[in-house]
Each structure stands twice: as structure tokens, then as C-alpha cells.
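Undergrad: Input: one structure, supplied below.
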Amino acid sequence: MLNMKNNQSSEDYLECILLLSRENKDVHRVDVARRIGVSQPAVQKAVKILQASDFVEFDGMHIYLTQKGEKYASEIYGRHCILKEFLQKIGVNASDAEADACKMEHIISKSSFEAIKKFLDK
């Protein structure tokens, strides 16, 4: 779906832009760079790739999620939240649950994720 070297990186950028856009209407490259811990040129490169995939729009100053980008970013963040909740429910501390959920959200199979959601719903 995305052309970045690794889909996790693309998804991390989308998730970051989503969360920043919930805090402020306008998202700037510097905000993304600070949140993810990368350089502004790295963000610029990622934005170009995300633009080519119709996930974001960039007006030279602000980054906006497209409808497609918002939907995809919301799905990623939803997986993250459910996985974090699951890990905490089984006794993982909040800090480790956050870090592990961030990794797991990108690689978990649909069937495993659905089983975790079902488990949490009980």
C-alpha cells in the first residue's frame, strides 16, 4: 500500500499526524519531527511519500490527513490502543505496554488481533 522502506515507518508518521491533528488543527513538519524524534528533512521525505499515496496533503506549511489517511491512521491507532489495553490487562506495566503496542500494531495478524478484541470484550 505504501512505498516507504518499511510500512511501520509510514504508519508511525500517519499515527503521529493523527494525534497531532487532534491537539491542534494545523500540523507542522517540526511538530512531527519532535514527536517521532527525526529530522525535518526525514519528515519532508515521508510526507512526499504519504502524499503520493493520497494519505496526506501538504500546503508548504501544514500537513493534513486526507479522508483516506485519516481512516487508515485511525485504524492503526485503534489497534495500538487495544493492544496496549490488552498488555496492561495481563500485567504489563504501562510504559512497556505502550512501547510494545507501538511495535505490535504493525505486525499482528488480523486473526490474532480479532481474538484479542474478543478477549477484551468478555
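The values are calculated or read from the model by the stated rules, or taken from the named source; none is laboratory data. Just so it is clear, the model here is predicted, and its values are computed rather than measured. Reconstructed Cβ throughout: ideal geometry from the backbone, glycine too, with neighbour counts over all protein chains shown. Accessible surface is based on the protein model in full, side chains and every heavy atom, while ligands, DNA and RNA are left aside. Shrake-Rupley method; radii C 1.70, N 1.55, O 1.52, S 1.80 Å.
Undergrad: For segment 59-122, which semi-axes, largest first and in whole Å, follow from the square roots of 5 times the eigenvalues of its Cα gyration tensor?
TA: Semi-axes from the Cα gyration tensor: 26, 15, 9 Å.
Undergrad: Enumerate the amide H contacts of V27 below 5 Å, restricted to partners 5 or more residues apart or on another chain; note that Pro and chain-start residues carry no placed amide H.
TA: For V27, whose amide H was placed from the backbone, the distant partners under 5 Å are I63.
Undergrad: Defining a contact as two alpha carbons under 8 Å apart and six or more residues distant in sequence, what relative contact order in percent does segment 16-69 show?
TA: Across segment 16-69, relative contact order equals 34 percent.
Undergrad: Let me ask something else. Could you check the spin-label model distance between R34 and K89? Points 7 Å from the Cα along Cα→Cβ, value in nm.
TA: Each label point is offset 7 Å from its Cα along the Cβ direction, giving 3.5 nm.
Undergrad: In segment 65-122, what percent of the accessible surface is made up of carbon and sulfur (1.4 Å probe, ligands and nucleic acids excluded)?
TA: Answer for segment 65-122: carbon and sulfur cover 54 percent of the accessible area.
Undergrad: While we're on this one: Just subtract the alpha-carbon distance of L19 and M61 from 0.36 nm times their residue separation and send over the number in nm, one decimal.
TA: Separation in residues times 0.36 nm, less the Cα-Cα distance, equals 13.3 nm.
Undergrad: If you don't mind, there's one more thing I want to ask. Please tell me which of these pairs span more than 23 angstrom C-alpha to C-alpha: K68/K118; K84/K118; K89/K117; K25/K48; K84/K117; K68/K89?
TA: Correct reply: K68/K118; K68/K89.
Undergrad: Considering only E23, E57, E70, give the residue with the highest GNM mean-square fluctuation for the chain, with springs between Cα atoms whenever their separation is below 10 Å.
TA: E23
Undergrad: Say each of C81 and A52 gets a label point 7 Å from the Cα, pointing the same way as Cα to Cβ; how far apart are those two points in nm?
TA: 3.2
Undergrad: List every residue whose amide H lies under 5 Å from the amide H of V92, counting only residues 5 or more places away in sequence or on a different chain, with H placed 1.01 Å from N in the peptide plane.
TA: Correct list: empty.
Undergrad: Using a probe radius of 1.4 Å on heavy atoms only, what accessible surface per residue do you get for segment 17-57? Whole Å² is fine.
TA: Per-residue accessible area for segment 17-57 comes out at 57 Å².
Undergrad: What net charge is computed for the residues neighbouring A73, neighbours being all others with C-beta under 9 Å from the C-beta of A73, Lys and Arg scored +1, Asp and Glu -1?
TA: -3
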